[in-house]
Amino acid sequence: MIDLAAYGSLFLAALLAATLIPAQSESVLTGLILAGGQPVWMLVAVASLGNILGSVLNWLIGRGVERFRDRRWFPASEAQLARAQARYQRFGYWSLLLAWVPIIGDPLTLAAGIMREPLWRFVVLVSIGKIGRYLVLAAGIDALS
């Protein structure tokens, strides 16, 4: 039986984890895999989709952030934005393969939007990293259980 609440919780956790909001999805995915009852491939697919869409949200925010950077409420300083842009320019679009890495991945996806990275390339590279991360996690859980 399909547990829509489980899939919905996993999707939301994965989506939030990919934004600048501090959250994690690995524990939710791990718990659902260990609980059984849902196909692992479907759990990995739902987590991946949520996480990729969260990164696309960051990209969209990055695309529009330039017009708000001089506002007092803006959450990043000019220096922080400049550092993120410099790192992105230094390593280029291949750095998006690391969008799954905690702490650096979320700002990286925001910087990609600021730098006007084409959406198609962004989605392809981010997807490779994020799907790969969830596949490795699921395989590790399977090997240990």
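Values as computed for the structure displayed
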{"read-out": "SER95 being at pLDDT below 95, within 25 Å of LEU12 (Cβ to Cβ) and out of contact with any Gly (no Cβ under 9 Å at 6 or more places or on another chain)", "value": "no"}
{"read-out": "From the options ALA76, ALA138, residue that is aliphatic (A, V, I, L, M) and more than 16 Å from LEU20 (Cβ to Cβ)", "value": "ALA138"}
{"read-out": "Residue match in region 99-109 (condition: modelled with pLDDT under 95, at positive phi and out of contact with any helix residue (DSSP H, G or I) (no Cβ under 6 Å at 6 or more places or on another chain))", "value": "yes"}
{"read-out": "Qualifying residue in region 73-92 (condition: in a helix (DSSP H, G or I), within 11 Å of the chain's Cα centre (by Cα) and hydrophobic (A, V, I, L, M, F, W, C))", "value": "no"}
{"read-out": "Cross-chain or 6+ apart pairs with Cβ under 7 Å, region 93-112 first and among the polar types (S, T, N, Q), then in a loop (DSSP other than H, G, I, E, B)", "value": "THR109/ALA99"}
{"read-out": "Count of residues meeting criterion [in a helix (DSSP H, G or I) and polar (S, T, N, Q)] in region 1-56", "value": "6"}
{"read-out": "Residues of region 110-145 that turn out to be part of a loop (DSSP other than H, G, I, E, B), surrounded by fewer than 20 Cβ atoms within 10 Å (Cβ to Cβ) and either modelled with pLDDT of 95 or more or of a type outside the set (Lys, Arg) (or both), as a count", "value": "3"}
{"read-out": "Selected residue (criterion: farthest from PHE11 (Cα to Cα)) from residues of region 113-131 that are small (Gly, Ala, Ser) and in contact (Cβ under 8 Å) with a residue 40 or more places away in the chain", "value": "GLY113"}
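The values are calculated or read from the model by the stated rules, or taken from the named source; none is laboratory data. Just so it is clear, the model here is predicted, and its values are computed rather than measured. Counting neighbours? That spans all protein chains shown, and the Cβs are built from the backbone with ideal geometry, glycine included.
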